[in-house]
Amino acid sequence: MNPRRFLLLVCTAFWAGAAAAHDFKAGDLRIDHPYATPSRPGMTTGAVYFRGIRNTGDVADRLLSASTPVAGRVEIHRMQMQGDVMQMRAASAVDLPAGATVGMKHGTPDGYHLMLQELKGPLKDGDHFLVKLRFEKAGTHELEVWVQSPRNLAAADSAHHH
Ligand SMILES: [Cu+2]
């Protein structure tokens with residue numbers, strides 16, 4: 001087997017295995033795979049995404065705010081189509097309806113993300129950092145975010161510029 005191909009297989013297996021293990025419970029909420037994309041050189045902003053947040057309870061909840069030691073402040077943003085252009089707007093909260101899964105993946109039309117403002121240092125592939133999430137019902141929970149380069153980062157980038 002050619003060594004390059006072997007390495008690729010190992011990476012893929014690691015990615016899949018790691019992703020499966022990486023989720024958090026916050027009361028009735030299941031937070032699946034929080035991740036950040038690497039910050040771009042010279043930029044002091046970053047973005048945190050989730051594969052999804054599932055509300056397994058029977059009352060609606062809301063994500064109200066977030067904070068992290070790696071950034072001065074965190075805003076909730078929502079991507080929205082403005083004609084042909086994808087733009088992001090600050091949102092006051094993310095609604096988490098009972099029994100529903102809200103996706104917060106990068107590149108999702110209408111999707112939310114957490115915008116890290118005033119980053120204290122670059123986010124590099126393989127880094128981990130803590131983020132505290134404050135929910136209306138479930139309260140405050142801390143979880144670990146992994147910095148990862150998704151395969152379609154180029155697509156995410158083009159949809160996500162300031
Ligand atoms: Cu944003």
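FYI, it's all coordinate maths here, none of it is from the lab. Note that the structure is predicted; figures quoted are calculated from it, not measured. Glycine also receives a Cβ, built like all others from the backbone with ideal geometry; neighbour counts cover every protein chain displayed.
What the table shows:
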item	result
Extension reserve of the LEU130-MET81 stretch, reckoned as 0.36 nm per residue once the Cα distance is removed	14.6 nm
Charge sum, other residues only, whose C-beta stays under 10 Å from MET88's C-beta, Lys/Arg counted +1 and Asp/Glu -1	+1
